[in-house]
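As structure tokens, the structure follows; a few thoughts come after it.
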Amino acid sequence: MAAEEPSSANEYILHHLTFLSNKEPKGIVDFSVIHLDTVFFSSVLALLFGGAFYFAARTANAGVPGKFQNFVELLVEFVDTQVKDSFHGTNKLLAPLALTIFCWVFLFNAMDILPVDLLPALAHGAGVEHLKVVPSTDLNTTFAMSLTVFVLIIYYSIKVKGLGGFLAELTMQPFTTKNPVVKILLIPVNLLLEIVPFLARPISLSLRLYGNLFAGEMIFLLLAALTLHGASQLSSAGGWALLVAQFALAFLWAVFHLLVITLQAFIFMVLTIVYLSMAQEHH
Amino acid sequence: MNINLTLIVQMLVFIVLIWFTMKFVWPMILGPMEERSRKIAAGLEAAEKGKQELAQANERAEVVLREARERAAHIIDQAQHRANDMVEEAKGAATAEGARLLASAKEQIGLEAAHARDSLRRDVAQIAVSAASKILQREIDPRTHSDLIDQLAAQI
């Protein structure tokens, strides 16, 4: 990739969609490649979340809460209510998992509100060529989270219902019969009907978040691409019009996006809670 | 866009973060929250109890106050009676004293009058004696004598 200023909108956007990685990937799946920017920003945000909440947890007391403790307790109570609404058993993991997902995903998404060129330009000044600052626009991140949730779904299904119960759930419904021969004949049909939604869960979970945030980032990039030519832009009335349009549209989109990033974090959390409570409840 | 090692690393970060939240964050925040709600519940209960106790205390105070008022009224009543009695007594004593003084004054007056009468009688006697001596000094002159007697009689 060339280090000079991108000349066209196309190049500009492609430049912004390229990860900072150790090397060029070969093919769709290449486990020798790592996205350094995604790992860096998600780790920083993990530390931010973990540190802030650990600080709140360390200073938390049953007396009159301070402002920060209030804020943290608001989040905790919000998540706790969501979990209690859909899951009626006891599970030490589910609520902290939901809180982690909500806060972490929200922080990922909130990176999208930063001006699209701010951190990449700073990194460029420091000699880093590419930088993608929103970890949830990396399919690896969203898949990592949904696969972890998927593994937990399988783990709790087997733990609560036993391996037989779990397999029976996949093969003995929706079509049920008392006749043992028909039962065996129905296994492949049931398996096909059950396995598709089962496998669709982690995929839809990750693609929904990825798609929304990728699209959001793309809109920001397109708006940013309206004014690529620096000072020469200001020599014509059209250039000024584009500048004003960019400002107004980017502002509107950012306001709307505030809703989207919160909503997506919320959806990821709620679906995780629902999936995991379904895994632990007998039908 | 491709799937790569980032996936594994992100899974590890995610798992560590979940573990951290579960171990060090969630219980430490929820615990105090639950304790606080317990404390608030206890506080509300105590406030309710305090209110009831206050109402009871007010009732008791009301009773005590009423009793005190009654007793005060009684005492005032008694005091008034006592004062009336005392006034009556004083009046009686004063009347008696007045009567006594009057009596003694009367007695004194009587005495004085008797005294005056006595001295008058003495004077009359003296006058009589002096008149007699005067008469005796002169020669008996019936006319003069009768004049003198008339004089005497007028003098008495």
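Helical content of the protein assembly as shown, expressed as a calculated mean residue ellipticity at 222 nm, amounts to -28000 deg cm²/dmol (DSSP H runs of 4 or more residues, -39,500 (n - 2.57) each, divided by residue number, nearest 500). Cross-link check: pairs A:K67/B:K49; A:K67/A:K92; A:K92/A:K161 evaluated at a Cα-Cα cut-off of 25 Å; pairs beyond the cut-off: A:K67/B:K49; A:K67/A:K92.
The relative contact order of the range A:9-279, computed from alpha carbon pairs under 8 Å that lie at least 6 residues apart in sequence, is 27 percent. Under 11 Å from the 7 Å Cα→Cβ point of A:S86, by amide nitrogen: which residues of the range A:250-283? Label zone hits: A:266-279. Shown in residue order for the range A:165-180 are the 3J(HN,Hα) couplings computed by the Karplus curve 6.51 cos²θ - 1.76 cosθ + 1.60 at θ = phi - 60°: x, 5, 5, 4, 4, 7, 10, 9, 9, x, 7, 10, 8, 8, 6, x Hz (x for Gly and Pro).
A crude spin-label estimate for the pair A:L258 and A:V182, with each label 7 Å from Cα along the Cβ direction, gives 5.9 nm. Taken along the Cα-to-beta-carbon direction at a fixed 7 Å, the label points for B:R100 and A:L48 span 11.2 nm. Distances between placed amide hydrogens fall under 5 Å for A:S21 paired with A:L36, all partners being 5 or more residues away or on another chain.
Only the coordinates and a few stated rules stand behind these numbers; no lab work does. Everything numeric here is computed off the predicted structure, so don't read it as measured data. Because the Cβ atoms are built from the backbone with ideal geometry, glycine has one as well, and the counts that use them run over all protein chains shown.
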